[in-house]
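What follows draws every value from the coordinates through simple rules; no lab data is involved. As the structure is a computational prediction, the values presented were derived from the model and not from experiment. Neighbour counts run over all protein chains shown; Cβ positions are idealised from the backbone, glycine included.
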Amino acid sequence: MAYPLTGKAETEQRSISVMGLLLIVIRALGILLSLVLCLPMHYLWRFFRLPSPWPRFFLWLVATNCGATVKTKGDRLKQDVFYVSNHISWFDIPVIAGLTGCTFVAQDGIASWPIIGWLCRINKTIFVSRTDRMQVGGQIDIIREAIEEKYPITVFPEGTTTDGHSLLPFKPSLFQAMAPPPKPTMVQPMLLDYGKVSKEIAWVGEESATDNAKRLFARLGIIPATLYFLEPFDPAHYGDRKAICAEAERRIAVALSASLSGEPVV
């Protein structure tokens, strides 16, 4: 799950129609029913010490319930991979994890959120502090330990969200886990593109997570999400965390510019 800061753009507040309120209720009930289905099955798999597919299935249901249709382009690495993605909304989480089964690096404050924090832990989220620099070394060790597991990890190095038509400077701190990685691991940059609806669902400005969720739940129509899995690269070929970070940012910026018909990315 992503760090819940927002970008600088202001989100216009819109009233919710009767149809929108009905959609909010229907989708909330759908997510609740999905949880009721998946949670007991998850613990049953855990009881028998089996790898549980249920967190991934639950997140896929959340994305689908909200209208997402997810397509992919490019060849996706499925293990021994460190995904690096741009960040538009909390909705990125069910879209990406529902497809890949990955876990995320998240701000430690989310761990205390009701229900959400608990669901993050079920999905093996790695919690880190973005304010206490004294803990960075220990956090990198935690990430490196997680990399040794078989499930993939996704980071959002912008540290906040954009409208999907721009990028913020990537922060290199978490890339220290890749310099060098604890085992042979590739970095695969990934562009998440919601097309023309990006600005409609983006979580930016001073909008709260609750308001953004209500606005998204009330939206009528599909959310076309495309995940571009870009050419992976070996971090061992780059000198340090800053160089690895810069290369991931460069590749995502090129892909985003291409998706915007060649418009420069700022």
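Summing +1 for each Lys or Arg and -1 for each Asp or Glu among the other residues whose beta-carbon sits under 12 angstrom from that of GLY164 gives -3. Between ARG121 and ASP240, full extension at 0.36 nm per residue minus the direct alpha carbon distance yields a gain of 39.8 nm.
Pairs from the list LYS71/LYS196; LYS73/LYS199; LYS124/LYS199 with a Cα-Cα gap above 26 Å: LYS124/LYS199. Averaging the sequence gap over all C-alpha pairs within less than 8 Å and six or more residues apart, then dividing by the number of residues, gives the chain a relative contact order of 29 percent.
With a ≥ b ≥ c the root eigenvalues of the C-alpha gyration tensor of the chain, is it rounded (a/c under 1.5), prolate (a/b larger than b/c) or oblate? Note, shape of the chain comes out oblate. In a DSSP loop and with at most 12 other Cβ atoms within 10 Å, there are no chymotrypsin sites (Phe, Trp or Tyr not before Pro) in the range 159-243. Per-residue ellipticity at 222 nm from helix content only, as computed over the chain with -39500 (n - 2.57) for each DSSP H run of at least four residues, stands at -12000 deg cm²/dmol. In a Gaussian network model over the chain where Cα atoms closer than 10 Å are linked, find which of ILE122, ILE223, ILE153 has the largest mean-square fluctuation. Among ILE122, ILE223, ILE153, the largest GNM mean-square fluctuation belongs to ILE122. Of the residues PHE48, PHE127, PHE104, the one that moves most in a GNM of the chain with alpha-carbon contacts below 10 Å is PHE48. Once both labels are positioned 7 Å from their Cα atoms along Cα-to-Cβ, the gap between GLU200 and LEU220 label points is 1.1 nm. If you average the C-alpha positions of the range 16-42 and of the range 183-249 separately, how far apart do those two centres end up, in angstrom? If you average the Cα positions of each part, the centres end up 25 Å apart.
With both labels modelled 7 Å from their Cα along Cα-to-Cβ, the SER112 to VAL254 distance reads 4.4 nm. Applying a DSSP loop filter and a limit of 11 other Cβ atoms within 10 Å to the trypsin sites (Lys or Arg not before Pro) in the range 36-75 leaves ARG49. Within straight-line reach of LYS242, meaning a Cα separation under 21 Å, sit the following lysines at least 8 residues removed in sequence or on another chain: LYS171, LYS183. Among the trypsin sites (Lys or Arg not before Pro) within the range 221-255, not one is in coil by DSSP while having at most 12 neighbouring Cβ atoms inside 10 Å. Under the shape rule built on the C-alpha gyration tensor, where the axes satisfy a ≥ b ≥ c, the range 131-266 is prolate, since a/c reaches at least 1.5 and a/b is greater than b/c. In the chain, the DSSP beta bridges split such that about 20 percent are antiparallel, to the nearest 5. You can think of it this way: the chain between ALA209 and LYS150 has 18.1 nm of extra reach, that is 0.36 nm per residue less the Cα-Cα gap.
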